[in-house]
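Participant: What follows is a single structure, and I will ask about it in a moment.
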Amino acid sequence: MTTDQEAFDALIAAEQRIEPRDWMPDAYRKTLIRQISQHAHSEIIGMQPEGNWITRAPSLKRKAILMAKVQDEAGHGLYLYSAAQTLGITRDEMTEQLITGRAKYSSIFNYPTPTWADMGAIGWLVDGAAICNQVPLCRASYGPYGRAMVRICKEESFHQRQGFEILLTLMQGSPAQREMAQDAVNRWYWPSLMMFGPPDDESPNSAQSMAWKIKRFSNDELRQRFVGMLVPQAEVLGVTLPDPDLRWNEETERWDMSEIDWDEFKEVLAGRGPCNAERQRNRRTAHEDGAWVREAAAEYARKQALLPELVEGAA
Ligand SMILES: [Fe+2]
Ligand SMILES: [Fe+2]
């Protein structure tokens, strides 16, 4: 007779998917709830830095593209909340954790967006880093998560292209526009490298996540892959990546780079980044402002449920 644990291990070993109906270890469930809900929160909070520019986009076309992109991020948040719900946490619990500041989300969204070029740099660098992180997650062992990631990744590649194209247009413009593009790349480059998380020797949960086949590559491997993708693209753009020590090392077959400022990473993660308080306040206000929508929807659902009775009563 096989135990639940053996059945679970066998599914993982055979590269099969774990589905909501399957038995799973408690720690696996908890890890997934944490990871998927943090990911969902990141998508939702991530709407703010770019939402900031919808009313000020430089043309109707740019505005339409940016609106579509920000709307995609809302959709990503919703798929992911749904995936997390299959593990037994409610949407209300997750929302509560977010608006009370107990939940984490990607630190990158706590940086400000002072110029239009930030829309380019976010698409190119932040969505680019998201793609590197998320493409392997399409094969995550938990079915609902992996399937959500497939669609999300398709949309992320559009996001990355639109960011690249904003920067390319600016780089072909006036000296002031080129300077604005370079400045945005300078500000977003290091935070985008931090998106892959701490170095491998300081990432205690990684080994277990790899064994469970949630995670497929280590933080440093993904960071290397990301930099390898950026270098030729930066050349096409004509922007400089702000790291004088960045070069390909023939011997190690890796990118050498300067040390990342992990103190900054920890500060932002601890809630002391430039926009942490503002992002959370906006989210809470949006939630409170939406109370009437939730009440109306609940009331509509209640009436719909009563409908058969009313119809029968009339007959
Ligand atoms: Fe997204
Ligand atoms: Fe995106």
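Participant: What whole-number value in Å² describes the accessible area per residue of the range 43-175 for a 1.4 Å probe?
Facilitator: 39 Å²
Participant: Select from THR100, ALA130, GLN71 the residue farthest towards the positive end of the dipole of the chain; place +1 on Cβ of Lys and Arg, -1 on Cβ of Asp and Glu, and compute about the Cα centre.
Facilitator: Toward the positive end, the furthest listed residue is GLN71.
Participant: With an 8 Å Cα cut-off and a minimum separation of 6 or more residues, compute the relative contact order for the chain in percent.
Facilitator: With pairs under 8 Å counted, the relative contact order is 18 percent.
Participant: Using a 1.4 Å probe on the protein heavy atoms, what percent of the accessible area of the range 16-80 belongs to carbon and sulfur?
Facilitator: So the carbon and sulfur contribution to the accessible surface is 58 percent.
Participant: Just the number, please: carbon plus sulfur as a percent of the accessible area of the range 149-245, 1.4 Å probe, no ligands or DNA/RNA counted.
Facilitator: It is 55 percent, rounded to a whole number.
Participant: Here's a follow-up. Ignoring ligands, DNA and RNA, what percent of the 1.4 Å accessible area of the range 266-315 is carbon and sulfur?
Facilitator: 58 percent
Participant: Sticking with the crude label model, points 7 Å out along Cα→Cβ, report the distance from GLU6 to LYS30 in nm, one decimal please.
Facilitator: Between GLU6 and LYS30, the simple spin-label model gives 2.6 nm.
Participant: How do TYR300, TYR189 stack up against each other in accessible area, from largest to smallest, with a 1.4 angstrom probe? Before the final figure, lay out each step's value.
Facilitator: Details: TYR300 145, TYR189 0 Å².
Putting TYR300, TYR189 in descending order of accessible area: TYR300, TYR189.
Participant: Which order do PHE217, PHE109 take when ranked by solvent-accessible area (1.4 Å probe, heavy atoms of all protein chains), largest first? Can you show the working numbers first?
Facilitator: Working: PHE217 55, PHE109 30 Å².
Sorted descending by solvent-accessible area, the residues read PHE217, PHE109.
Participant: Still on this structure: Show that you can apply the helix-only estimate: for the chain, add -39,500 (n - 2.57) for every DSSP H stretch of four or more residues, divide by all residues, and state [θ] at 222 nm to the nearest 500.
Facilitator: -20500 deg cm²/dmol
Participant: Suppose every K and R has +1 on its Cβ and every D and E has -1 on its Cβ; what is the size of the dipole of the chain about the Cα centre, in Debye to the nearest 20?
Facilitator: 980 debye
Participant: With the Cα gyration tensor of the chain giving a ≥ b ≥ c as the square roots of its eigenvalues, does the rule (a/c under 1.5 for rounded; else a/b larger than b/c for prolate; else oblate) give rounded, prolate or oblate?
Facilitator: Taking the square roots of the gyration eigenvalues as a ≥ b ≥ c, the chain is oblate.
Participant: When the chain is treated as a GNM, springs tying every alpha-carbon pair under 10 Å, which of ARG247, ARG62, ARG294 comes out with the largest mean-square fluctuation?
Facilitator: Result: ARG294 has the largest fluctuation of those listed.
Participant: Follow-up question, since we're still on this one. Ordering ASP263, ASP9 by how much accessible area each has at a 1.4 Å probe, largest first, what is the list?
Facilitator: ASP263, ASP9
Participant: How much accessible area per residue does the range 202-261 have, counting only protein heavy atoms and a probe of 1.4 Å, in square angstrom? Walk me through the intermediate numbers first.
Facilitator: Details: 3480 Å² over 60 residues.
That works out to 58 Å² for each residue.
Participant: With point charges of +1 on the Cβ of Lys and Arg and -1 on the Cβ of Asp and Glu, referenced to the Cα centre of the chain, which listed residue (VAL236, PRO114, ALA7) lies farthest in the positive direction of the dipole?
Facilitator: Of the options given, the answer is PRO114.
The values are calculated or read from the model by the stated rules, or taken from the named source; none is laboratory data. Here the structure is a predicted model, which means the values were calculated and not measured. Here Cβ is always computed from backbone atoms with ideal geometry, including for glycine, and neighbour counts include all displayed protein chains. We work out accessible area using only protein heavy atoms, side chains counted, and drop any ligands, DNA or RNA first. Shrake-Rupley method; radii C 1.70, N 1.55, O 1.52, S 1.80 Å.
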